[in-house]
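Structure, as structure tokens:
What follows draws every value from the coordinates through simple rules; no lab data is involved. Worth saying up front: this structure is predicted, and the values here are computed from it rather than measured. Every residue, glycine as well, gets a Cβ built from its backbone with ideal geometry; the counts of neighbours run over all protein chains shown.
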Amino acid sequence: MSATPIVVSSLDMDRIEALLEKMPRLTPELEKLEDELDRANVVEPADLPADVVSMNSTVRFKFAGDDKVFQKTLVYPHELKHDEQISIFAPVGSALLGLAVGQSLEWPMPHGQSRTVEILEVLFQPERAGEQQR
């Protein structure tokens, strides 16, 4: 289990747990997401720190040891529409949720590999922008 602390809004927590409950079975990657949610510090959306990745946040991140920087918006699976988005149910998407700028987390990837995701910047966060999430 990772020691990196994560913070998740109560709204995101409720919605993600509801989606997980509807799944006929959980993949090992989704079981890892469930484990991370179990250890998350859950706060009200208004109390979410401005530098934490929440659902519908746009984040810049990279993998440790790699210079390529990615910019993606974290969305629910049914909202995934283009390459600039990443699903919370994708391995990297699951790793992003709840991390703050400067934090990193080792996360299992497909084919038995694991990578360390590093958060560089939260460009947009709905809670910081004063938006009520959909």
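Residues in the range 17-56 that are closer than 13 Å to Arg128 by Cβ, part of a helix (DSSP H, G or I) and of a type in the set (Asp, Glu): Asp47 alone.
Checking each residue in the range 61-87 for being under 14 Å from the mean Cα position of the chain (by Cα), within 18 Å of Leu120 (Cα to Cα) and touching a residue at least 40 places away in the same chain (Cβ under 8 Å) picks out Phe61, Lys62, Gln71, Thr73.
For the structure I just gave you, tell me whether Gln85 is surrounded by 14 or more Cβ atoms within 10 Å (Cβ to Cβ) and of a type in the set (S, T, N, Q). For Gln85, the condition - surrounded by 14 or more Cβ atoms within 10 Å (Cβ to Cβ) and of a type in the set (S, T, N, Q) - is met. Of all the residues in the range 88-105, those that are under 14 Å from Ala64 (Cβ atoms) and either touching a helix residue (DSSP H, G or I) at 6+ places or on another chain (Cβ under 9 Å) or surrounded by fewer than 16 Cβ atoms within 10 Å (Cβ to Cβ) (or both) number 3. Tell me, please, whether a residue that is at positive phi, surrounded by 16 or more Cβ atoms within 10 Å (Cβ to Cβ) and touching a strand residue (DSSP E or B) at 6+ places or on another chain (Cβ under 6 Å) can be found in the range 106-123. No, the conditions are met nowhere in the range 106-123.
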